[in-house]
Structure formats: C-alpha cells, structure tokens
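The values are calculated or read from the model by the stated rules, or taken from the named source; none is laboratory data. What you see is a predicted model; the values in this text were computed from it and never measured. Here the Cβ is made from the backbone with ideal geometry for all residues, glycine too, and neighbour counts use every protein chain on show.
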Amino acid sequence: MSYWVKKGLKTGVVSTRYPKQEETASGITPGLPQITDNINSDDLISVCPTRAIHKTDEKLLLESSLCIHCYRCSRDTKEPLSWSEGFEWASFEKNSTPFSSTFGHSLHICVVDSGDCGACLNETKLLNSPLYNMHRLGFFITPSPRKADVLLVVGAVTQQMKGALLKAYEAMPTPKKVMAVGTCALSGGVFEGGFIAENGVSSILPVDITVPGCPPPPLAILHGLLSLAGRKNIKRGTK
Ligand code: SF4
Ligand code: SF4
C-alpha cells in the first residue's frame, strides 16, 4: 500500500462537518465587530475609516457591508467594540430568493475577480481544499459562465473588468444568481467613490446575495452558497 493511502487512512476525515454540525474550531473566522446596546461613543465613529459605524436617529449602527476589518474600533478607542464569533453572515437582497429545489441540489459557480486584492479570491479558492471540500455538498467551480448557475464576484469592479463581468453575466443561462463576496464587492470598500472602480457589484448587476467580510472566511462563503441552494434559512437585506 502506498505511503499516501496509509497516511490518508491514519489521518481520517479532516473535512469540516458544517453544515451538519456547528463548526467551532479556533481560527476559522475573524468575526465581525458588534454594536452593543450600552455603547454610545462618537469616538467610535471618528476611528472608523469607512463609515461602517455611523449614527441614525441618535442610535449607533454598524453596517457590515462597509467594514474592512481594520480593528480600529477594538484597539484605538476608549470604548472598544466586542467581536462576534460566527460566520453565517450572508443575506439575501430584497426580492431575491434561493434556487428552487429542482436546481438547488448542485450548483456550478463561475468566479470572477473584478479587481480584488487577492484575499477574497484566496478564501474562495480554499473552498476546494480538503478542510472545506465543497464538492461533498454538490458545489463545483466552472471556468465557463455558460455552464454556471452562480456568478460569484470578488472585488470592487474596476473599470477594466466591468465589460468582462457584464459579458459573463449575459452568457449565463437562466435561472442565474449573483453572489457578491467581500466588502469591496458589496460597497466598493476602500475604493468607494473613487474613479478607478464602481461602488461594488450592485452598481452594474442585480445582486441576489451578499457575504460581508474583508475577506470573509471560507465558511461564510459556504454559508452563502448553502443559502442560495435553499439549504439554509437566512436574513433578508433591505436594499
Ligand atoms: S473594524 Fe474598522 S472598518 Fe470595521 S467597523 Fe471597526 S473601525 Fe470600522
Ligand atoms: S474585501 Fe478586503 S480582502 Fe476582499 S478584495 Fe476588498 S480589500 Fe481585499
């Protein structure tokens, strides 16, 4: 018996049991900052570089689609924010729905890097690693938009990538869904309002589901895919 077969038998299954079981291993998520009821500090608003922390009707709010995980609200302020531990962050945009059960058993995903820094793409790539092993759930990456059910977009959509992204979307057969992954794809992130990129994917395409994070960990992306396939009940956005 070869070395690798022996090693495989000895190691056993290393893939996460999520979504059948909750995944609690340390280091699988960087978490997200959380506003708690008793916090009311202008200091927090001033340290946040992307306006993720803001006030509406005198209430302090946190918009995760703008958060770039800079940790300033936890390290550089008198009243630090606490961090949530989870990763089930995906949410449907208003009026968007999951695939029907006929199409939800298996999804083919076309990934488009519309100008990311490399981190969101890398986290997406990890879904194919033994630890996350998304094939076990019926999710497959395809390079061709003509064979894709889901257009997974990372990056803020640079002017150079805009045309290619639109072409990829038009080439997809229906029913098709668009998934925006990472703060840049959700809002433009640090490029928001700049001349080099759009303010996220929704500036040019109808987005169905969003996954915040900078970058979101692989399990957060997996949660988004499971939600699109109709295998997870998730919250709905207001946009
Ligand atoms: S981590 Fe940074 S971007 Fe996110 S809410 Fe805190 S200060 Fe704002
Ligand atoms: S969201 Fe953050 S990690 Fe993802 S591409 Fe933008 S800057 Fe990079």
- Query: From the set of residues in segment 17-48 that are under 21 Å from Val211 (Cβ atoms) and in contact with a Cys (Cβ under 7 Å, 6 or more places away or on another chain), which is farthest from ligand 1 (Cβ to nearest atom)?
  - Reply: Leu32
- Query: Pick from Val153, Val157: which is at positive phi and buried (at least 24 other Cβ atoms within 10 Å of the Cβ)?
  - Reply: Val157
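Quick one: in segment 111-130, of everything that is under 18 Å from the mean Cα position of the chain (by Cα) and part of a loop (DSSP other than H, G, I, E, B), which residue is nearest to ligand 1 (Cβ to nearest atom)?
Per the criteria, the residue is Cys117.
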- Message: Six or more apart or on different chains, Cβ atoms under 8 Å: show the pairs whose first residue is in segment 1-23 and not assigned by TED's automatic domain parsing to the domain that holds His135 and whose second is in a loop (DSSP other than H, G, I, E, B) and loosely packed, with under 10 Cβ neighbours inside 10 Å.
- Response: Glu23/Arg17
- Complete set of residues in segment 46-89 that are hydroxyl-bearing (Ser, Thr, Tyr), assigned to a loop (DSSP other than H, G, I, E, B) and over 19 Å from the mean Cα position of the chain (by Cα): Thr77
- Extreme residue, nearest to Gly86 (Cα to Cα), among residues of segment 173-195 that are of a type in the set (A, V, I, L, M) and more than 13 Å from ligand 2 (Cβ to nearest atom): Met179
- Of everything in segment 25-38 that's under 19 Å from the mean Cα position of the chain (by Cα) and part of a loop (DSSP other than H, G, I, E, B), which residue is surrounded by the fewest Cβ atoms within 10 Å (Cβ to Cβ)? Gly27
- Message: Which numbered condition in (1) small (Gly, Ala, Ser); (2) on the phi > 0 side of the Ramachandran plot; (3) surrounded by 14 or more Cβ atoms within 10 Å (Cβ to Cβ) is the only one that Gly118 fails?
- Response: (3)
- Over segment 177-204, the set of residues out of contact with any Pro (no Cβ under 9 Å at 6 or more places or on another chain), surrounded by fewer than 21 Cβ atoms within 10 Å (Cβ to Cβ) and either of a type in the set (Val, Ile, Thr) or not in a helix (DSSP H, G or I) (or both) is Glu192, Gly193, Gly194, Phe195, Ile196, Asn199, Ile204
- Query: Is segment 66-83 home to any residue that is at pLDDT 90 or above, near ligand 1 (Cβ under 10 Å from one of its atoms), in contact with a strand residue (DSSP E or B) (Cβ under 7 Å, 6 or more places away or on another chain) and of a type outside the set (S, T, N, Q)?
  - Reply: yes
